[in-house]
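The values are calculated or read from the model by the stated rules, or taken from the named source; none is laboratory data. Keep in mind that what you see is a predicted model, and the values were worked out from it rather than measured. Using ideal geometry, Cβ is built from the backbone for each residue, glycine included, and neighbour counts are taken over all protein chains shown. With ligands, DNA and RNA removed, areas are computed over all heavy atoms of the protein, side chains included. Shrake-Rupley method; radii C 1.70, N 1.55, O 1.52, S 1.80 Å.
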Amino acid sequence: MAKAEETVLEIDLNALGHNYRYLRSKIKPETKFMAVVKAYAYGSDSIVIAKYLQDLGADYFAVAYVNEGITLREGGITSPILVLHPQKVHFKTLIENNLEPSIYSETILSDFITTAKELGKADYPIHLKFNTGLNRLGFSADELPEIATRIQQQNAVKVIALLSHLAATEDANETDFTNLQLERFDAICKKADTLFKTETLKHVLNTSGIINYSHAQYDMVRSGIGLYGYGNEPHVDAELQPVMTLKTIISQKHTIAIGESVGYNRKYKSDHKTVTATLPIGHADGIGREYGHGKTYVSIHGQLAPIVGNVCMDMIMVDVTNIECEEGDEVEIFGKNLSASKFSETAQTITYELLTGLSQRIKRVLTN
C-alpha cells in the first residue's frame, strides 16, 4: 500500500476473507452465516464489505435499520437482508426493498401485518425475536400462544425464523447465564415449532458465541465484530486480522520550551523541552477528547507517541521528542500494528464504539 498522504481508513479485503473463513471453520458446513454489516459495516464501507462477503458465500446480511438495508440493495446486494430494529414508519419501504424484519413485539407484529396486507403481500418472510435475558427487545416466551394465534389468522406474513440475542458470550464469568439463555431459547424453539406447525430457521450465536458455544449454532449464526478482526478475547484476536487501519500524516512539528503549553485550555504544559507533531485528525473524525492527555498513543515509524493536551475537532498533537520523524511522515492511529482494542481500552471504551464512531469524512481506501 502506498504511503498515506492524508487521513485515510484502509480496508483490507484479504483480512476480511481470512476472518470470514476462520469463523466459518468453527461451524458446520450446512450452518448458514449471517454477516452483520450495520453502522457502515462497523465503520468501514457497508457496500464494499457486503459485496465481498456475498461473493465469498455469506448466506444472509444483517443491518440495524431499514435505510441501511436499502443502501445495500441499491449497491447490488441480492442476498437476504435482516433488519434487526425496524420502525413502523419504514415498513412500506422495507417490503418494497425485499428486506426481512425482526419482529419483537405484539404492536410491531400487528402493524407489520397491516402494512403487508395493504401492499397485497402473501407469506411475506419475518423473523420473530425473543427476549431470553438481554432485556432489550423481544417477545417473552409466555406470548408464544398469542403470537401463534395471530399468525394463523392471516396469510400476509409467514414466520421463517426465530432468534434471540445473547448478553455475555465472551465472559467466562457469565457461562451459567449464557447457558440459561440458550436453554430458554431452545424451549422457545421447540414450543414454536409445535404451535406454528412449520420448520423455521433458528439463530442466536454472535461472534463470541460461535467461538465459545458452537454446540448451539442451530441453523444460522451471526457475526459482526469478528469479521472486522476483533474477537472480544485476546486468544481469538490472535487468530483474526484487523480489516481497518486508520492512518494520517504529520502536518507540522513544534519545539515546546519549558513552561509553554499545547492546545486548547493549555491542558498540556511542558516541564522539559518537548517536540510535538500535529496530525490532521480529531474528535470530528471519531477520535474523542477522552483519548487525550497522554492516555493514548499513536504509532510513528514503529514507535509510540502519546497524544498531548486536548483532542481538537480536526487535530491532535503528539509527543515525538524521542522519535526521528518529519512533516509528511505516515502515522498509524490504530490497525495492523496498534490494535483498535488496545487503543480503545486507553479511554475505557470498547472497539465497537471506536470503529463505528469513525467519521464518514475520512477517505476509505481498499487494499488487498
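Over the stretch 248-362, accessible surface divided per residue gives 48 Å², non-protein components excluded, 1.4 Å probe.
To the nearest 500 deg cm²/dmol, what mean residue ellipticity at 222 nm is calculated for the chain from DSSP H runs of n ≥ 4 alone, each contributing -39,500 (n - 2.57), summed and divided by the residues? Working shown, then result.
Numbers: 12 runs with 110 residues, N = 368.
So the helix-based figure for the chain works out to -8500 deg cm²/dmol.
Can you tell me the 0 to 90 degree angle between the C-alpha axis of helix 46-56 and the longest principal axis of the chain, rounded to 10? So the helix axis and the longest Cα principal axis differ by about 60 degrees.
Specify whether the C-alpha gyration tensor of the stretch 9-79 places it in the rounded, prolate or oblate class, a ≥ b ≥ c being the square roots of the eigenvalues: rounded for a/c under 1.5, otherwise prolate if a/b is larger than b/c and oblate if not. Because a/c hits 1.5 or more and a/b fails to exceed b/c, the stretch 9-79 counts as oblate. Heavy-atom accessible area with a 1.4 Å probe sorts TYR60, TYR218, TYR264, TYR65, largest first, into TYR264, TYR65, TYR218, TYR60.
What are the GluC sites (Glu not before Pro) within the stretch 163-271 that DSSP puts in a loop, where the Cβ has at most 11 other Cβ atoms within 10 Å?
Here the GluC sites (Glu not before Pro) that fit, given the DSSP loop and packing criteria, are GLU199.
Taking a ≥ b ≥ c as the square roots of the Cα gyration tensor eigenvalues, the stretch 8-49 comes out oblate, since a/c reaches at least 1.5 and a/b does not exceed b/c.
Its Kirkwood hydrodynamic radius, worked out from the mean inverse distance over all distinct Cα pairs, puts the stretch 256-368 at 14.5 Å.
Mind ranking MET313, MET34 by accessible surface for me, highest first, 1.4 Å probe?
MET313, MET34
By DSSP, what percent of the beta bridges with both residues in the chain are antiparallel, rounded to the nearest 5? Taking every DSSP beta bridge with both residues in the chain, the antiparallel ones total about 45 percent. Accessible area per residue for the stretch 135-181 is 51 Å², calculated with a 1.4 Å probe on protein heavy atoms, without ligands, DNA or RNA. Helix 106-118 and the long axis of the chain differ in direction by around 70°, with both axes built from C-alpha atoms. Reported to the nearest whole Å, the Cα centre-to-centre distance from the stretch 305-363 to the stretch 34-73 is 26.
For ILE350, ILE225, what's the largest-to-smallest order of accessible area, 1.4 Å probe?
Most to least solvent-accessible, the answer reads ILE350, ILE225.
The distance from the alpha carbon centre of the stretch 107-139 to that of the stretch 247-290 is 51 Å, rounded to a whole number.
Per-residue 3J(HN,Hα) values for the stretch 149-157, derived from phi via the Karplus relation 6.51 cos²θ - 1.76 cosθ + 1.60 with θ = phi - 60°, read 4, 4, 5, 6, 8, 8, 10, 6, 10 Hz in sequence order (x marks Gly and Pro).
Over the chain, what percent of the accessible surface lies on carbon and sulfur atoms, probe 1.4 Å? Here carbon and sulfur together make up 47 percent of the probe-accessible area. Between helix 13-24 and the chain there is an angle of about 40 degrees, using the helix long axis and the longest principal axis of the Cα atoms. In this structure the stretch 29-128 gives 40 Å² per residue of accessible area when probed at 1.4 Å with all protein chains present.
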